[in-house]
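To start, the structure itself, in structure tokens.
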Amino acid sequence: MKRPLIVANWKMNPQNSKDAFNLAGTITGGVKKLALDIVFCVPFVYIPQLVALDNVFIGAQDCFWEQNGAFTGEISAKMLRNLGCSYVILGHSERRKYLGETVEMIQKKVKAALKEHLIPIICIGEDIEKEISLIFEGVTSEEMKHLVLTFEPEWAISTQMNSKPASRQEVKDAIGKMRTMLVKMFDERVALETPILYGGTVNSSDVQRYIDKGVTQGVLVGDSSLDPKEFIALAKKLV
Ligand code: PGA
């Protein structure tokens, strides 16, 4: 079993680089001796100043599928890698909902990230079979060693109206389905070794509910990752 992994999805927060630096600095100070891996997925503009931090990996929240060219407003996987980024969240439900991102686009982004040795953290919603079969079409077993999956049902995200966190059983069932798909598309080894996280209203008081050896490797945290005390408490419960 690999070390637990916590992905902090800062979304479009905070509002300036001083606050970003303080947030990241306070958290890294509080988690430095813990035997787990932490990734801060931050707005693009904060990446250059945060990649220098110790004890933490830096990730982005999206990338484009082409490497360069006339794609106004887009950021390529290569640019992120050149900045020192290690991870990138792909297919988050907020991008699907507000920007019309499709599974086909996510598939192209995954390929682009893998090509640049950026580790994609791929969000899978409720249509598990369809999403996995399309997103991983053309991905090799070797490439599967370099990515992370997250079960993130939209209804569990804290900012959704009437959201509710998934139960331990719902997470277990969904992740079981994901691993069955991976056996079908690849093999037992890929199904067992691909890290799978859960995301959706995770906080320090319920995080242990989602950590199940052999089922989940960690969590993806939105809102609670913006409060250093809360995030440090959450991280301590995972070791
Ligand atoms: P949440 O967000 O922890 O605030 O529910 C998770 C996510 O959307 O990535």
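The values are calculated or read from the model by the stated rules, or taken from the named source; none is laboratory data. Since we're looking at a predicted model, the values are computed, not measured. Note: ideal-geometry Cβ built from the backbone for every residue, glycine included; neighbour counts use all protein chains shown.
Quick grid of which residues meet (1) farther than 21 Å from K145 by Cα; (2) among the small types (G, A, S); (3) in a helix (DSSP H, G or I); (4) more than 16 Å from the ligand (Cβ to nearest atom):
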site: A70; (1), (2), (3), (4): yes, yes, no, yes
site: E74; (1), (2), (3), (4): yes, no, no, yes
site: M79; (1), (2), (3), (4): yes, no, yes, yes
site: N82; (1), (2), (3), (4): yes, no, yes, yes
site: C85; (1), (2), (3), (4): no, no, no, yes
site: V88; (1), (2), (3), (4): no, no, no, no
site: R95; (1), (2), (3), (4): yes, no, yes, no
site: E101; (1), (2), (3), (4): yes, no, no, no
site: I106; (1), (2), (3), (4): no, no, yes, no
For this session: Tell me, please, whether a residue that is more than 26 Å from M144 (Cα to Cα), basic (K, R) and at pLDDT below 95 can be found in region 200-217.
Result: yes
Exercise. Only one of Q217, Q208 is more than 15 Å from the chain's Cα centre (by Cα), of a type outside the set (A, V, I, L, M, F, W, C) and over 22 Å from A20 (Cα atoms); which?
Worked result: Q208
For this session: Please work out if E170 is more than 14 Å from the ligand (Cβ to nearest atom), of a type in the set (D, E) and over 30 Å from K115 (Cα atoms).
Result: yes
For this session: Check region 145-160 and report whether any residue there is in a helix (DSSP H, G or I), farther than 22 Å from P14 by Cα and more than 11 Å from the ligand (Cβ to nearest atom).
Result: yes
For this session: Kindly indicate whether any position in region 96-105 is in contact with a Phe, Trp or Tyr (Cβ under 9 Å, 6 or more places away or on another chain) and over 21 Å from V39 (Cα atoms).
Result: yes
Exercise. Would region 123-140 turn up any residue that is closer than 20 Å to C41 by Cα and either outside any loop (DSSP other than H, G, I, E, B) or of a type in the set (A, V, I, L, M) (or both)?
Worked result: yes
Seminar exercise, completed: Matching residues in region 198-214 (of a type in the set (A, V, I, L, M) and either surrounded by fewer than 17 Cβ atoms within 10 Å (Cβ to Cβ) or more than 10 Å from the ligand (Cβ to nearest atom) (or both)) number 2
Seminar exercise, completed: Taking region 98-126 and the residues there that are of a type in the set (D, E, K, R) and modelled with pLDDT of 95 or more, the one that is surrounded by the fewest Cβ atoms within 10 Å (Cβ to Cβ) would be E104
Seminar exercise, completed: The residue that is surrounded by the most Cβ atoms within 10 Å (Cβ to Cβ), considering only those in region 29-53 that are farther than 18 Å from L118 by Cβ and charged (D, E, K, R), is K32
Exercise. Looking at L36, L23, which is the one that is within 16 Å of the ligand (Cβ to nearest atom) and either more than 13 Å from I232 (Cβ to Cβ) or of a type outside the set (K, R) (or both)?
Worked result: L23
